[in-house]
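The values are calculated or read from the model by the stated rules, or taken from the named source; none is laboratory data. Computed from a prediction, not measured in an experiment: that's the story for all the values here. Heads up, the Cβs are rebuilt from the backbone with ideal geometry, glycines too, and the neighbour counts pull from every protein chain shown.
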Amino acid sequence: MQLKFIHLAAGLVAGLGCMLSCVEINEELGKEYIPTRHLYDVHTDTIYLKDIRMKRTDKLSGYSTSRITIGSVRDEVFGLTTRGSAFTLIPVDPDMDFGKDPVCTQFHFSAVRDTLSWPDESQANIIQNVNVYRLSQELGEDVLYIDGNGDNGDIESKIDRTERVAPVFSYFGQDSLSFNFNTEFGDEYIKGIQQLQAEDKMDSVSNYVKVLPGIYIETDEQVSDGGRINMFDLAIQVTDSYYIGGNYAELKFKATYDDRGPVDTSFLFFFGAQAMSVYQQATSSYSTPSQTPQYAFNIAKAGEIKDASGDGLPATQEMYIEGGSGIKPVISAKEIKDSLDDIFGRQGINPDGVIVHKATVVLPYKFNVEEYESMYLYPDRLSPTCRRATTDEETGETIYSFAGLTDSSVESENKGDINRSMNWYAPDISHHVQEILRRVDDENSEDYDIWMLTMANEVVQSESSDNSSLSDYYANLAYYDYYNSLYNYGYGGYYGGYYGNYYDSYYGMSNYYNYMLAAQYASSQSTSQTTVSMQLDKDRYYRATLNGPEATADAADGPGEEFLRPRLTITYSVSKMADR
């Protein structure tokens, strides 16, 4: 009986399989019932870009929240490129007591090395002379841009080059930036702060910088080909337990305090702070106290192209990419608009009905096997942006800003990362091309031009002291020592109390040292998280060469010339009901 049932089941399965295999799937079934307005024709076109100009990105903001950048590089293509940095020295604690007759004994500056950038690895440890000057005026809001110029000001007019405030010293690129100011400069800060305290003006940075504007640091100009750009951390290093570990200046002096004196003491300063305190209180924007923002004004002076100097140079066979405020490709929005209008006109398409699905700028470069070691001079990303100018109604000053064109919220969009397999940068600008079709005319086309900016993968490190069970242990140890001191040997066991605190109390040291040591242990157990993020790079040295509109193939059996030239590929659709 069981065998018959098995045979019956097998027969049913076989029959069902035959029935299914005979079913024909008609994918066009119901096609005639789709409304015509929902039917689209999809097109793909390529525009070979010819109107590309190399322009200086000198309207980038010069302010940095992370770095102090100094250095100098000279090369055969761009000539001389320099970096310099200006910033204030703000007291960590504005309530400073200098006693009577204070005299500076040392004013020391220290900033931790971040990274280095050079045209050739042989330049990594060359000797560079570093010069430090005082600022004669506050930077103010009239100097904004990376080249050190503004519509109403020039940073050179704010640098006092009549004398240096520190002896010239050599930097080899191997360690922190560390030097001593002249003691006269330290005395200048003591007197300036005393003046502000007497006038009751130590409550704001705006009052402070009118008396003590800050300093400017640079290196000597590179004479021969070579050089190095040096980058240092700007933000003061402070732990959750308020221990300061780096990136500060220390003013040491002798002074008389009441019946004591002269005694040695010191005060700390941090760089470019926007408030007279390391931490600022919680606000509507920050639910907890946060570290005070710090800014350095980093200046990047660009060189000249030897064979054809000038801004707005049309690209021919090659296009150059330079770091800082140097030249970079700028693609004409008007050319894109005119080229697409021509394509639509030949196909009888109304531009108003076009929906852009994807538009990609392809910027190829030639890979030279013999120069593969210099490929680090090509930026990690070329980010497409447009430059917008706005006029301040009160001052009449023109303010420039750059807006990114790729959609950062769409993971599938190419942001412009270098493709070392295909030898090109190919960022997506789909939404921007849609805007060009709808908004660009002869009068406003420059507002939609595409500026390619350099970006780099930056290592970002953050500290957290709440993620370790050992940190909790040390925190408990701190309170244990505290209560031991409070109750002598009556808390935590007889011997523990006796040996832990009797001698401390006897010699008058109280519980301070035990508690401080335990707090330091807890702080030392903070966990460090390192992440990598893509950020705008105005500091490093770059020397990249892309193919221009007139690029030619090196060999007949290689890629065609059209494949080597910059272009825009676009995929778009037009409704079948659109007016033609």
Mind checking which residues of the range 75-122 are closer than 15 Å to Gly324 by Cα, in contact with a Gly (Cβ under 6 Å, 6 or more places away or on another chain) and either surrounded by fewer than 21 Cβ atoms within 10 Å (Cβ to Cβ) or modelled with pLDDT of 95 or more (or both)? Gly79, Leu80, Arg83, Leu116
Need at least 2 residues that are of a type in the set (A, V, I, L, M) and surrounded by 15 or more Cβ atoms within 10 Å (Cβ to Cβ) per element, so show me which strands (runs of 3 or more DSSP E) inside the range 359-470 make the cut, counting only ones lying wholly within it. 450-464
Are there strands (runs of 3 or more DSSP E) fully within the range 193-277 with at least 1 residues that are in the same structural domain as Glu76 (by TED's automatic domain parsing) and of a type in the set (S, T, N, Q)? List them. 215-219, 226-233, 248-257, 260-271
Among Thr105, Thr162, the single one that is of a type outside the set (Phe, Trp, Tyr) and closer than 25 Å to Lys252 by Cα is Thr105
Conditions (1) surrounded by fewer than 19 Cβ atoms within 10 Å (Cβ to Cβ); (2) among the hydroxyl-bearing types (Ser, Thr, Tyr); (3) closer than 19 Å to Asn247 by Cα: number failed by Ser224: (3)
Restricting attention to the range 126-151, the residues that are modelled with pLDDT under 95 and farther than 30 Å from Lys252 by Cβ number exactly 12
Check whether at least one residue in the range 111-124 is part of a loop (DSSP other than H, G, I, E, B) and within 27 Å of Ile244 (Cβ to Cβ), and report yes or no. yes
